[in-house]
Each structure stands twice: as structure tokens, then as C-alpha cells.
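Have a look at the structure below, then the notes.
The values are calculated or read from the model by the stated rules, or taken from the named source; none is laboratory data. All of these numbers come straight from a predicted model, not from anything done at the bench. Here Cβ is always computed from backbone atoms with ideal geometry, including for glycine, and neighbour counts include all displayed protein chains. Just so you know, the surface numbers come from the protein's heavy atoms only, side chains and all, with ligands and any DNA or RNA stripped out. Shrake-Rupley method; radii C 1.70, N 1.55, O 1.52, S 1.80 Å.
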Amino acid sequence: PVEALQHEDEVGAVDARHEGRRQQGFQPGDDDVKLYFLRDAAVAAPDAMPLRDLPAYLDWCLVDQGSPEPARRLAGSAGCAAAPAGTLRYLRPIDFGGRHWQLRFEARAGGVPEAGHGNAWLFSSVGLLSVAMLAALLLTMTGRARRIEAAVTERTADLEREAQERAHTEGALRESEQRLRNIIDHAPIGIVYADVEGRIREANPKLRAMLGYTDDEIIERGLADLIHPDDRAEGLHLLARLRRGEIAQVRRRERLQQRDGATIWVQMNLSVLRDALGQPQRLVAVVEDITEHLSLQEAERGRARAESASRAKSDFLSRISHELRTPLNAMLGFAQLLELERDPALLAHQKEWTVQILHAGWHLLEMINDTLDLSRIESGTLRLETAPIDLAPLLRLCVAMIEPAAGRRGILVHEHIEPDARAVCADATRLKQVLTNLLSNAVKYNVDNGRVEVEVRRIDADTVEIAVSDTGPGLSAAQQDELFQPFNRLGREHGSIEGTGIGLVISHGLAELMGGSLRVRSTPGQGSTFMLSLPRATRVDSAPGEGADTGTSAAALYHQRRVHYVEDNATNAEVMRGILAQRPQVQLEVSALGLDGLAAIRAHPPDLILLDMHLPDIDGLELLRHLKRDIDTAAIPVVAVSADATAARINEAIAAGALHYVTKPFSLASFLALIDTLLEAADTRFG
């Protein structure tokens, strides 16, 4: 090879040997010096300097490391294998064809140009500059890396934040869906989703329970299948219009058919859900069961009709009562005046006729009052004023009222009151009415020479019982069951005993209104016992009773008095003239019209005003208000005298300023006692 470098004509042979080595498997390594045997020169690389162009101060040689000492020089300058001290050397091993060669470059230190201290400083400066540039490059690269790292960190944080927000949003969405599902599942109304054709896709538990279907069963059906067959055609027509957009929603009362065939009434709201383009996507129906609501409405309408009928009946009875009381007032008034006639006195048979007139009149009045009371009790318009009452005087008064009838038949009445059962809480007037009815029945339905026992005892700490027993024929169990039915006289309506069959019904209702009860215990052939239970009172008040029956023979202590009576009915006015004729010291003036009476009263103020409530030109209440607003007439006592016995009218008159309200017809003795009491308080007038 060395000679090949010196003799160009042998290059081809060298190329042939080199090719042979290559074919034997020689492959230069990456770090090996690659020798190319060219026709012009051998170079270390395609762009390397040819060896013959090396500088003069540089020697080279190729040495075979595997040869015995002295090392065999294969090519290059002679003596380069043993270089003296101070020689600059560069060695490069080469493996070639299984041999270990070494390429050496040598130069003497003094022969290398620019190898002094200046060059060293220059090389040092260049090195430092290179190091500085490298450091700057490293700093630049490090800063860029840090910026990249910061950007990556920031982006990573953004991604983590987005991931957290996404997770939070997904959790909130799941929670919202669960909440919506819970609302739908627990809603008290039915909710159903269907496709645009009306096929049910989902129904909440309320709707399934409402119709009696399971989830799988109702999914197989359509909305129209749930509608009652008689209404299905109309339902399908409305559904088609809804899909076409002709109507926004369907809201109607519908009949639905349950799984077992039963029918329920519902309020259905059906609407369509549309997409962004307005195309129908799904149907939503909200169904509310209103069967019970409709039943309640029907019951309420029935109750309203019943109340209206009751009010109409009460109004009718009130009008009838008023119309009947007006002629009764004349009949009973004149009969009482005839009974009191002394100059000349009536013959015996005329007195008996008068008694019969009075008896029939008072019986008719009792029927009117009982009918009106029953109507008030049934309509709930009867008002009571309960207060503690001492039973002893009230019971004696009631017994005294029935003693004449009992005496005519030889019936003994005995009463007993326990000391700790004297006081009850009740309405005095109504309690008197109940006790009078029970005592009257005990006498009427008793046997001749029988007994009536009245026993008042304490049942417990809060209850007092008044038991009225008779020795009559008694009542069977069937009769006791029908005892408190209106107008039912238990088969005795064909007998000689008068009655209407509503007295006990009224007494039963009044007992309950006063917080008590009325019961019966009876054995056929052994008599009956009626037990009135009332709340016990802790203190005793005097029972308000009837006005004292002074009669006509009692001398009135007062002197001249003036009474003005405003009454349009001439008959009633004449009755009043006859009544007040029993008091010669009383001067009566009568006005047929309300406004005339007002003018007359203002011109000549009387000591007492008697005022009818129904006048042709002005209502009695309005006239009463005018009198009480006038300073000259406000202090004059006013007694309302009217055939209108309704509680509302009585309360209105008392509230407007009337001192008393007397219902026609009235007892002459009681009315005169009231008149005497009021006129005795007035100043005596002379002249």
C-alpha cells in the first residue's frame, strides 16, 4: 500500500487488493479513518486534504502495531515511529483486515507556526468566548425550556380545572336528573311521555297507579287507548290537530278507563314538544284525577240546593207566620177583651165560647211557633243565649202552667231537686219551652188519676239530668225509634189528644243546641221517662220569667200618660185601643203611616211609643232609627209590636234602639204588665 501511494501506476493493483479485502468481510467502523485509493491521491474523507499537500512541519506515518519491535513502518516519513521528546503527536488506531494499525501525525513544537503564548491567549479567548456563547445558548435554551415548562404547567392546570369543571357539571347534571326523576316519580299527578303518534314511552308511578297498569303494560298502549270509548274519537281528533300545530295544547276534562274497566274523571293537559325547526318530537300529558273533586262539587251543589230550599222554606214559613199572626192577634186580642168584659158581663155560655176561641187561638199560635222553631233549628238560624240558671223557680213556673190541665184529670205532679243539681247552663226561654213540652206531654199522655214525677239530679261533675216520668201507656221499641221524627205522632193522630208531632223534635234540637241531650226510657204499660241532660253551672242566677200577671183589676200607681201607636192595620189598632182601655189614665194616639207618626211624635212627644215593623210608607226599622237620631225623641222608650217573629228582625230592632220586642199575638195580661212597668218610670203629665 505504501508503494501504491508513491507509484500511481500500481493503483489499479491496490484497488484490486482492496476490493479483495472488502469481499473478505472488511467493513470500516464509524470511528475508523476511511482511506480511499484514488487515482490522484489517498484521502481520509471525500473532502480531506491529500497527504502530499500536508504542511512541511507535519510528519506522518502508518505503523503496524502487530509487527515485532522495532515497529514496522508501513508508510510515511522515516523515523516517525520513534519521535524525540517535545514532539507534538496525534495517534489514531485503525483496524484493517484483522490487523491493528496506527496512524501518527507528529510535529516539533518549535516548527509549528503561531504556537506561542499569544496564540494560546487567542485560543483561550476564543475558547472563553465559545464557552460564553455556549453558556448564553444554554441560558437561552434553559429560559425557553422554562417558558415551555411554565406554559405546559399552566396548560396542565387549565386542563385539570376544565376536567374538574366538567366533573362538577356532570355531577350537577346527574343530580338535576335525579332530582327531576324524584319529582316526577313522587308527583301527586300523572305524567306521561309519548311519541308523536301517541304511543306511550314513559309514565310515572302516579299515572300507573291511577289506571291500574304496570310499567310494561302501559308502555304497550297509546294515549287514545286510555280514553273512554265514547270519547275516543274526539280525543283522536284533538290529538291530530295538536300534531299539525293547529292548537297549542289540549286542556279538557276527560274520562279515562282503568285496567279493570272502571271509569275515572281526570283533568288532562296535553302539549307537544318541538325541535329547533318546529317539528313535533314528543307529546307530554299531565293527568289529574278529579273524580273525588267532582263528587265533592256535586255534594256541594246538593248542599247549596238543600240550603237554598231550606232558606226558601224558612222564608215561606216566616211569611206564613206573619200572615197568620196578624188575624190571630185580632182574634185572641178581642177574645181576651171579651173575657175581661164587666159592663155588661158576658153570659155563662158566652164566656164558654170565648174560652173556646182563646183555646183554639193559642193552640194555633203554638203550632205556628213550633213550625217556625223547627225550621230555624233545621236551618241552623236559631240563636240561643246560654247562662247559669236556677232550676227551682223555673221548674215551679212550668209546673204551674200545666197544673190546671193535670188537676182536671186528677193527675198529681211531684218534683224533687237535689241540692247540688240546682244550677244549669242554658237559655232560659228555650229551657222553659222544653220543660213545658215534657210536662204537657206527661199530662196529655197519662191516665186519669195518674202521677207525674220530676226529679233533678246530678249525674257527674259536669252534668245535671232532669227526668220527667209519667204513668201512661208507655212506648214500644218501634215507637221509641220513631219518636223524634217531625210530625210523627206514633199512631195517636187519630185520637182525641191534640198535637202536631213536632214538640219533642223541637225539644230534642233545643237540648242539643244548649249542649245537652234528650233521651227516652219506656216500657209498654208502665209509663215513660224523658231525661233532659244539661251542662251543670257552678253559680246560680235568677231565671228570667214572664212579666207579672197584674190583670185588669190591679190598680196602676201612675197617673196620666200618653202612648203613641204607629200601626197601619185598623184591626190591630182597635185591639190596642181595647187593651189600653184597661188603663183609663193612658191616652192612646194612633198613626196609620210611619212619616205621619214621626211628625206627630216630634210635635207632641209621648211617654211611650208602640211601633209596628211593617208600614206602608217606611220600614219600621228605618223609622226607629230616625227616632233615635232625633235629640227630642231619642230618650222616649220604644216597644216594637209586630207579627214578624224572626230572630233576625228581633235582633235588628233591639240593635236599632227598641227597648222590647213583643210578638203578635200576645197575652193581654203580660203586655199590660210590660206597659205598666215602662209608664211607671215616666213623669206624670198634667193638663
Of all residues in segment 297-314 being among the acidic types (Asp, Glu) and either open to solvent by 80 Å² or more (accessible area, probe 1.4 Å) or in contact with a helix residue (DSSP H, G or I) (Cβ under 6 Å, 6 or more places away or on another chain) (or both), which is nearest to ALA573 (Cα to Cα)?
GLU300
Consider ALA194 carefully, then state whether it is surrounded by 12 or more Cβ atoms within 10 Å (Cβ to Cβ), modelled with pLDDT under 85 and in contact with a helix residue (DSSP H, G or I) (Cβ under 9 Å, 6 or more places away or on another chain).
no
Does THR386 qualify as being touching a helix residue (DSSP H, G or I) at 6+ places or on another chain (Cβ under 7 Å) and not aliphatic (A, V, I, L, M)?
no
I need the full set of residues from segment 621-644 which are in contact with a helix residue (DSSP H, G or I) (Cβ under 6 Å, 6 or more places away or on another chain) and among the small types (Gly, Ala, Ser), in order please.
ALA634, ALA640, ALA643
With respect to PRO393, determine if the residue is surrounded by fewer than 17 Cβ atoms within 10 Å (Cβ to Cβ), part of a helix (DSSP H, G or I) and free of Cβ contacts under 8 Å to residues at least 12 places away in the same chain.
no
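Here's the yes/no breakdown for (1) modelled with pLDDT of 85 or more; (2) closer than 23 Å to THR291 by Cα; (3) assigned to a strand (DSSP E or B); (4) among the aromatic types (Phe, Trp, Tyr):
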{"site": "LEU159", "(1), (2), (3), (4)": "yes, no, no, no"}
{"site": "ALA167", "(1), (2), (3), (4)": "yes, no, no, no"}
{"site": "ASP216", "(1), (2), (3), (4)": "no, no, no, no"}
{"site": "ALA240", "(1), (2), (3), (4)": "yes, no, no, no"}
{"site": "GLN267", "(1), (2), (3), (4)": "yes, yes, yes, no"}
Return the residues of segment 607-620 that are part of a loop (DSSP other than H, G, I, E, B), of a type outside the set (D, E, K, R) and over 48 Å from the mean Cα position of the chain (by Cα); say none if nothing qualifies.
LEU615, PRO616, ILE618
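To keep it simple, each residue is scored yes or no on (1) closer than 26 Å to VAL641 by Cβ; (2) touching a residue at least 40 places away in the same chain (Cβ under 8 Å); (3) not hydroxyl-bearing (Ser, Thr, Tyr).
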residue	(1), (2), (3)
ALA304	no, no, yes
HIS322	yes, yes, yes
LEU340	yes, yes, yes
LYS351	no, no, yes
VAL355	yes, no, yes
ALA360	yes, no, yes
Quick check on segment 492-548: of everything there that is in a helix (DSSP H, G or I) and either among the polar types (S, T, N, Q) or surrounded by fewer than 16 Cβ atoms within 10 Å (Cβ to Cβ) (or both), which residue is modelled with the lowest pLDDT?
SER507
Out of the residues in segment 242-257 meeting the condition of being part of a loop (DSSP other than H, G, I, E, B) and either in contact with a strand residue (DSSP E or B) (Cβ under 9 Å, 6 or more places away or on another chain) or polar (S, T, N, Q) (or both), tell me which one is least open to solvent (accessible area, probe 1.4 Å).
GLY245
Quick one: would you say LEU211 is open to solvent by less than 70 Å² (accessible area, probe 1.4 Å), under 17 Å from ALA194 (Cβ atoms), within 28 Å of the chain's Cα centre (by Cα) and at pLDDT 85 or above?
yes
Within segment 434-485, take every residue that is in a loop (DSSP other than H, G, I, E, B) and under 46 Å from the mean Cα position of the chain (by Cα) and give me the one that is surrounded by the most Cβ atoms within 10 Å (Cβ to Cβ).
LEU483
Does segment 621-642 contain any residue that is more than 53 Å from the chain's Cα centre (by Cα), of a type in the set (S, T, N, Q) and part of a helix (DSSP H, G or I)?
no
The one condition ASP158 fails out of (1) open to solvent by 60 Å² or more (accessible area, probe 1.4 Å); (2) more than 21 Å from THR263 (Cα to Cα); (3) charged (D, E, K, R) is (1)
Within segment 663-676, work out how many residues are more than 17 Å from GLN336 (Cα to Cα) and assigned to a strand (DSSP E or B).
0
Complete set of residues in segment 316-335 that are loosely packed, with under 13 Cβ neighbours inside 10 Å and either acidic (Asp, Glu) or farther than 16 Å from ARG376 by Cβ (or both):
GLU323
Inspect segment 258-265 for any residue being open to solvent by 70 Å² or more (accessible area, probe 1.4 Å) and either part of a loop (DSSP other than H, G, I, E, B) or in contact (Cβ under 8 Å) with a residue 40 or more places away in the chain (or both) and give the result as yes or no.
yes
Would you mind stating whether VAL590 is in a helix (DSSP H, G or I) and surrounded by 19 or more Cβ atoms within 10 Å (Cβ to Cβ)?
no
Exception for ARG305 within (1) within 32 Å of the chain's Cα centre (by Cα); (2) not in a helix (DSSP H, G or I) falls at (2)
The listed residue being buried (at least 16 other Cβ atoms within 10 Å of the Cβ) and either modelled with pLDDT of 85 or more or touching a Ser or Thr at 6+ places or on another chain (Cβ under 7 Å) (or both), out of LEU236, LEU226:
LEU226
